[in-house]
Amino acid sequence: MISLDMAGLYAAMPMWVVLSSLLAGLVILTLGEPWHRTRVFINIAAALVKILLVGIMLWGVAQGQIFFFEWQLMPGISFVLHADALSMMLSSLSAILWLLTTIYAIAYLEDSPNRARFFGFFSLCVAATMGVAVAGNLFTFFIFYEMLTLATWPLVVHRGTREALRSGGLYLGFTLGGGALFLIGVVMVQWLAGTTDFQAGGFLTALELSPGLLTGLFLLLFAGTAVKAAVVPFHPWLPRAMVAPAPVSALLHAVAVVKAGAFGIVRIVYDVFGLELTAILGMNHFLAIMASITIIYGSVLALRQQDIKRRLAYSTVSQVSYITLGVGIGGPLATIGGLVHLVHQGLMKITLFFCAGNLAETHGIKTVDQMAGAGRRMPWTMMAFTVAALGMIGIPPVAGFVSKWYLGLGSIDSGQYWVIAVLVASTLLNAAYFLPVLKRAWFDAPPTKVSHQGVEDASPGLLWPALITAALSLGAGLLASMPFSPLQWARFIIERFYG
Amino acid sequence: MGLTELSILLPVLMVFGPLLLALLVFLAQWQRSADWLGMGLGLILLALLTPFSGAVLLEGPLEMQLGGHDRGLAIPFYVDGLTLAMLWLNTLLFLFIQVYAGAWLQLKQPAPAAEFRPLFLLLWSGLNALFLSGDLFNLYVTLEITTLAAVPLVILSHGHAAMAAAMRYLLFALVGSIIFLLGVALVYAQAGLLSLPLLQEQAEPHPALTVALLAMTAGVAMKAALFPVHAWLPEAHASAPSPASALLSALVAKAAAYLILRLWMGPLEAQWTPAMAQLMGALGAAGIIYASIQALRQTRLKRVIAYSTVAQLGYLLLLIPMASVLAWNGVIYHALTHGLAKAALFLAAGNLIMVLRDDSLRNLAGCDRVLSKNILVIGLAGVAIAGLPPTGGFIAKWWLISAALESGQWWWAVVIGLGGLLAAAYIFRILSYAFFSPDPHQETPIHQAQGQLTRALVWPPVILAFLAIALGMAGGLLAPFLEIAAPVTGAQA
């Protein structure tokens, strides 16, 4: 009897994974401001527990075990959590990056006010991301998707300035507006199909509905997810959300919000509509074109930004759409490229944001001009920055190369040669906005008015997370053929769809 | 005690318990002990409601003649899923607001304690009787009792503004009563009976009954402050003492809207055409959009919340054009969530006013640090009202949107989506004011806030807000109760 219960508890692992950070967040919010040490302990402990649980789940999924949790919320409609190979991609990424970002944030926010609120919502934000990853149907996905919006808002407006509040308003306007469209789409799916449970290969195919209705449905769901994935023209909130503290930007851009959007697009194409139906509706071309426009547009705007964080933000707009591009091109190779970029972009972008935070915190460097000589003053930070920036451009052996390689192979494989042009243009643009930054940091002399010319790098709590994520993005490229590398895991996922 | 005795005892206790207590308090002037007795009564009712609900679920809707008269005479009680839901809401809210009001009256100077307590108890009794009544004349009487208890509660704030608001409320309510009574008289003249279950049994379309339905609807709409006869509500609910505002918004206005649904669904079902139903829905939709936009433009906290009530009541009317089980469940769920969340909002606003002495939104800057629990309540209850997951409001919205798509009336889905967005906008507007970092050197009343609020003031709104969230997990559990004898197509008998 007990063993049976144990099996049930084990199978409900996705629930524990979500709860580990949900409870941490609620406890931190309830405790309030003065409990600094307890808060740090809870934060780190919960992050470690989560990594452990996700690790167990990852192993289980690789072995083919089933993880499933269900709770009936309304007659016929259930809250379902499950873990499939795709879930593990996002949940492993967020589990690892949550620990690092928490360490970074503790150092970054030392002695600043409102830390209980910050860390409370920070944990809730990760809980919602985990929920997005392990949601077993579109209904549950929507619940966590909206929770993510709500948990992120206090982080975006954390500074309490007029600008922060205005950006927060813009953020909510976009995300909740998208959410409302998404909700109507989800209700339509439930009403048409009688279920919203994700199924490999989709579940709308068998219904024989009119193409017009299905296209409308696809566009509703796409609009909902595209807002968070910052697909042009739904992107303006993202650069504005840069007013948030650096750890929030890091998390927003690498794992939480934009990834939830991109992940949603993947789920909709693969597990709701199915590849075949998406192609019949012509929606794969639509996705590829939207993604291409976003990639080019984001890069061009990134070129024009002087503020480092804003440049990185537009870079995110551009890079996240690689995931959508991979899905849009279709075929196993391009899909591998898109999915693996979910992890690769996360690792590289979080490194860049950590470094941008370090530059601003340690020497007040906020614009590209001020970066002159930064390499001499902060060699370690700039080393991490360089690795990640080169990865973004797609230079081997950093992870970004692997993504672009597979996307390129996939586009040739499926005969869509124009995508190669997009990739080349994007690579050139990436180089155009990252290389001058690197040149300035390493080869230009520091401004003469800086009195202290020696090495003065960021404090360890700020530096180590950046170094670790830089090492991870290097490792993900170098060791791409090792088991459990992001690339191998993406191949494992693809076997499900393409056999 | 058997179930039969229970199903007689509980309705009687719900009506006469608070009534006797009100008399006792008024005559004997026991102030503090009245609070304890009231809380005790609330707990007893809550304990009895659980087996009572089970009994109604097992044995079907309850019909009961007080005093053992024949059907059609005297005072009949009628309990179905809708009644059960409202009784639960009533009991929970009166229990928690009782706790809050006791503490509030102690801190408030000068406290209108001697007047507040009897009125509070009278209102409790009147609302219970209204929800239980199964007969048009009794409904009229109970509606009057609630109005006569509710209007003086507004005056208790003292001051010119409260007086003017209360007078306006009284005027609307009295005109509404007269029109409603006219409708009741027409029904009696035409059908010769007033009992709702009996009316349903012999329903034949007749123009006089249609006129009666419209007259009763117009009359009650004035009391429910439905768009476009809502003008009195924002001022009255904003200037009433905060515990009273919570009752007025969460229950009194809703009781009148409940009555509209009772009349349209069931007894007078044969008297209206689909076009009239669409018109009712359109009025509801106009109310949702108009009042939400008004809420966005207010500069005072309690007025934002009051306009929100006008908007949220509009959702209840959407049941009439859709008339399906999904819409039925959705509307009741909406009423429950809104009741809990709106009471929480007004109680939290009362706390903020207690400290800040003023409810203008600008004063909220920096409140999230010192008065964090109250801001948390506004956030949680607001999310429930905006219908975002994982709250009861989300479940309600899901059911309503499903009903709209199912019946092919997609335009209601658009209205519901838009209404949710506007609600989110006015709630987050409040939170934005609270999150704004003030100049740290400026002297504001917040600096003395620490420890000023007692636990009895802080916790009731927190618990109510959490209940509104918890409803989001209980849709599967509660749906069978809501569907008891639902007078809509597709429901089990």
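Some notes on this structure:
- Cα-Cα pairs of region B:275-493 separated by more than 31 Å (percent): 24 percent
- Under 9 Å, Cβ to Cβ, from residue A:360 - net charge with Lys/Arg +1 and Asp/Glu -1: +1
- DSSP loop GluC sites (Glu not before Pro) with at most 14 other Cβ within 10 Å excluded, longest remaining stretch of chain A: A:209-455
- The magnitude of the dipole of chain B, with charges of +1 and -1 set on the Cβ of Lys/Arg and Asp/Glu and taken from the Cα centre, is near 1380 debye.
- Relative to its Kirkwood radius, the Cα radius of gyration of chain B gives an Rg/Rh of 0.95.
- Computed from point charges on the beta carbon alone (+1 for Lys and Arg, -1 for Asp and Glu), the dipole magnitude for region B:1-272 about its Cα centre is near 800 Debye.
- Axial C-alpha extent at least 24 Å, average Kyte-Doolittle at least 0.0 - helices from chain A (DSSP): A:13-31, A:36-62, A:85-108, A:115-134, A:138-156, A:162-193, A:211-229, A:283-303, A:308-329, A:332-363, A:418-443, A:460-478
- Computed FRET value (nearest 0.05) for residue B:141 with residue B:470, which takes r as the C-beta separation and R₀ as 35 Å: 0.50
- Exposure proxy for B:188, B:315: other Cβ atoms within 10 Å of each Cβ, ordered fewest to most, give B:188, B:315.
- Ranked list, fewest to most other Cβ atoms within 10 Å of each Cβ, for A:316, B:50, B:147: B:50, B:147, A:316
- Cross-link partners for residue A:50 among the lysines, with Cα-Cα distance under 23 Å and sequence neighbours closer than 8 places in the same chain left out: A:259, A:349.
- Euclidean distance of C-alpha centroids, region B:29-50 and region A:297-319, integer Å: 63 Å
- Assuming charge only on the beta carbon of Lys and Arg (+1) and of Asp and Glu (-1), the dipole of region B:275-493 about its Cα centre is about 360 debye to the nearest 20.
- The calculated FRET efficiency for the pair residue A:63 and residue A:455, based on their C-beta separation and a Förster distance of 45 Å, comes to about 0.40.
- Kyte-Doolittle at least -1.0, axis length at least 24 Å by Cα - qualifying DSSP helices, chain B: B:3-28, B:31-59, B:81-107, B:113-132, B:136-155, B:160-191, B:207-224, B:274-297, B:301-317, B:325-356, B:410-435
- Prolate/oblate/rounded label for region B:107-161 (Cα gyration tensor, a/c 1.5): prolate
- Packing-based exposure ordering (other Cβ within 10 Å, fewest first) of A:442, B:124, A:98: A:442, A:98, B:124
- Label-point separation, residue B:32 to residue A:484 (7 Å along Cα→Cβ), nm: 6.5 nm
- Between residue A:412 and residue B:206, the FRET efficiency from the beta-carbon distance, with R0 = 56 Å, is close to 0.15.
- According to the calculation over all Cα-Cα pairs in region B:1-272, the P(r) per 5 Å bin from zero is 1, 6, 13, 17, 18, 16, 13, 9, 5, 2, 1, 0 %.
- Three-way shape label, region A:59-141, alpha-carbon gyration tensor, a/c 1.5: oblate
Each value in this text was obtained by applying a stated rule to the coordinates, not by laboratory testing. Computed from a predicted structure; not experimentally measured. Positions of Cβ are backbone-derived with ideal geometry, glycine not excepted, and every protein chain shown enters the neighbour counts.
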